[in-house]
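The values are calculated or read from the model by the stated rules, or taken from the named source; none is laboratory data. Predicted model only: the values in this text are computed from it and were never measured. Cβ coordinates were reconstructed from backbone atoms using ideal geometry, including for glycine residues, and neighbour counts include every protein chain displayed.
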Amino acid sequence: MKDILLINPTSSSEQNLPPPLSLIYLAGFLEKHKYSVSILDLVIDPKSDEEIINRIKEVNPKKIGFSCMSLHVPFIKRITNKIKENFKVPIIIGGIHPTALPEKSVEEMKDVDLFVLGEGELTLLEIMQDKPLKKIKGLAYRSKGIKVNPKRDYIPNLDDIPFPARHLIDLRKYTLGLDWEGRKPATIMFTSRGCPFDCIYCASKVMWTRKIRFMSAKKVLEEIDYLIKKYGVREILFYDDHFTFNRGRLKEICNELIKRKYDLAWCCLSRVDIVDSDMIRLMKRAGCHMISFGVESGSQTILDAMQKNVKVEKILNAFKICREVGMNTKASIIFGGPKESFRTVEETKRVLKKILPDYLWLFIMTPLPGTKLYQLHKESGLGSENWEMYDQTTYNVFYDTDLNYKDLRKIVSDAYKGYYFSVGYMLSQIRKLSVRKINTGLKIMKYIVPALKYSKSGREKK
C-alpha cells in the first residue's frame, strides 16, 4: 500500500517525452515528510482504462492524484468515473487548468474530490495530513456547493524544496525532444518559478505569478552534482521560462561548471532580448549546446498584438550572436494570434530565413485558460469547452484574424517543409556537418513527418 499514487495523463505528443517534473517534485516533497508515493506516467507507459484500474489495485493507494492541463480534462473525467466505480479513494487534481478555472473544474469533473490551485507542495501535504478542508489554502472542493479557499502564499525560498523524486521513474526512458543532443540518461531541471512578462498566450503568471523566484546557484550546482553521481545524467534541459534572466546567478553556475569539467551537455530557454555575446560564449564553455528562443513571430504587428514586448531587431541580433559563437539555436513560432494574416505569416517566414535556427518548433495559438487570450476568446463569443482540442496543434483563436484552423494547419506543415528543405537551411547545416548532425537530421525528420500527415488530416476534416 502507498499513501498516494500520482498519475501523469497521456499526451498527444509521441516525440517529446520529458520526465513528469511537476509530479516528481510533489513526490520528493511528500517523501521528505515521510509519505510513500508511487508514480504512473501514462505518457511513457500508455495503458488502457482497464490496465490503469489494475495498476491502482496493485498499488492500493490511500489517495490518487492527477496533473491536469486543459486537454487532459476528457480523459480525467472518464478515468475518474471508472476509479470511483471500483474504489472508495479520494481523488485529487492539480495543475494549470483547475488553477485557472476552479469553479468550472469542480462543476465538470464530478468524480474528483479535491482541486489543488497554484503551487502544489504545501497544499498537497496538508491534504495528506487530513487537515480540515476549510483550513487548507489553495484548495477547491464541494461542501454544500462549490468552495474555493483563499490563495496560498508561494514558497519564498526554492532552496527549501527537496530534489525531485527521480528514483520513482526510469530516466532512461525519457527524451527531451528537439532540445536533446542524444545523450542518455537525460533529464529536466527547474531552477526558478515565475515570469515577469505578460504575453497574452501564456498562463505562467496564473500558476506562479509575475515575480521570479530563483533557486540559488549553490542549490542548482548541488542538484547537478547529485544527478551526475546518482543517475549518471549526461544531459540536462533547464526548463525555466528564462534561465538566463539572472545574469549574476548564470555566471556563477557557468564558471563552476567549467571548473568541475563534467561530461555534461545542457540547453535552456531564453528571450532574445536578455542575451549577449559574452554571456553566450560563457554558456558554451560551460557545456551549453543550444538555446531555445521563444521567437513566436517575425512580424512586429503580431509581436505587439501578443504583448511580447520585443522588437524584430532583437530577434535578428540574438541569432546573429549565436551563429558567431557557434551556439545551436531553436526557434518556437506561434501562428494564428490576433491580427494574424497571410501577410504576417510571410513576414515570419522571411525572418526565419534570416535567423536560420538549427531547430524549428511550430504551434497554433491556443486560448489556454488563465491567459489574456482566453478572456479575449470568451468575449468574442467564440469560446469552446471542447478541451481535447486545446493541444496547441489543432485549435486556433479565430479572434481578429483572417485565418481559420484549416489554413493554419496547412501553414504549419508548409512552414516546416519550406524551412527544413530550403537551400539556406541545408547549407547552414552542411557547414556544421558531423556524425551528431546526421543523427540530428534523422531526428528532425521524425518531427516533420507527423506534421505533414497532420496537414493532410486538417484539410480533410469537415
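Which ones in region 207-217 are without any contact (Cβ under 8 Å) to a residue 40 or more places away in the chain and either among the polar types (S, T, N, Q) or assigned to a helix (DSSP H, G or I) (or both)?
So in region 207-217, the residues without any contact (Cβ under 8 Å) to a residue 40 or more places away in the chain come out as 210-212, 217.
Listed by number, the list holds a single entry, 217.
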Which members of region 335-363 meet the condition of being at pLDDT below 95, within 23 Å of the chain's Cα centre (by Cα) and not small (Gly, Ala, Ser)? 335, 338, 358, 359, 360, 361, 362, 363
Only one of (1) within 23 Å of residue 21 (Cβ to Cβ); (2) modelled with pLDDT of 95 or more; (3) of a type outside the set (Asp, Glu) does not apply to residue 70, and that is (2)
Candidate set from region 338-370 (those that are polar (S, T, N, Q) and touching a Gly at 6+ places or on another chain (Cβ under 9 Å)); member that is nearest to residue 69 (Cα to Cα): 366
Out of the residues in region 290-313 that are among the charged types (D, E, K, R) and surrounded by fewer than 17 Cβ atoms within 10 Å (Cβ to Cβ), state the one that is farthest from residue 373 (Cα to Cα). 313
Residues within region 279-310 that are within 22 Å of residue 419 (Cα to Cα) and not polar (S, T, N, Q), tallied: 10
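Having 3 or more residues that are surrounded by fewer than 17 Cβ atoms within 10 Å (Cβ to Cβ) is the bar; report the strands (runs of 3 or more DSSP E) wholly within region 128-206 that clear it.
Numbers: elements: 139-142, 146-148, 186-189.
By residue number, 146-148.
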Working carefully through the options 103, 108, 119, find the one that is of a type in the set (Asp, Glu), within 27 Å of residue 391 (Cβ to Cβ) and either surrounded by 22 or more Cβ atoms within 10 Å (Cβ to Cβ) or not assigned by the TED database to the domain that holds residue 31 (or both). 119
Any idea which of 248, 232 is free of Cβ contacts under 8 Å to residues at least 12 places away in the same chain and among the small types (Gly, Ala, Ser)? 248
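Give me the residue from region 333-344 that is closer than 11 Å to residue 402 by Cα and touching a residue at least 60 places away in the same chain (Cβ under 8 Å) and, out of that set, surrounded by the fewest Cβ atoms within 10 Å (Cβ to Cβ). Walk me through it before giving the result.
Taking region 333-344 as the starting set, the residues that turn out to be closer than 11 Å to residue 402 by Cα are 336-344.
Imposing the further condition that a residue be touching a residue at least 60 places away in the same chain (Cβ under 8 Å) reduces the set to 336-342.
On the way: 336: 27, 337: 29, 338: 22, 339: 16, 340: 29, 341: 14, 342: 10.
Of everything passing the filter in region 333-344, 342 is surrounded by the fewest Cβ atoms within 10 Å (Cβ to Cβ).
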Would you be able to say whether some residue in region 352-359 is loosely packed, with under 14 Cβ neighbours inside 10 Å and among the acidic types (Asp, Glu)? no
Search region 32-57 for residues that are assigned by the TED database to the domain that holds residue 4 and pair each with any residue that is of a type in the set (Phe, Trp, Tyr) and part of a loop (DSSP other than H, G, I, E, B) when their beta-carbon atoms are under 7 Å apart and the residues are at least 6 apart or on different chains. 44/174; 56/87
Taking the condition assigned by the TED database to the domain that holds residue 190, within 23 Å of residue 366 (Cα to Cα) and of a type outside the set (A, V, I, L, M), does residue 340 pass? yes
Just one of the numbered conditions (1) surrounded by fewer than 19 Cβ atoms within 10 Å (Cβ to Cβ); (2) in contact with a Pro (Cβ under 7 Å, 6 or more places away or on another chain) is not true of residue 330; which one? (1)
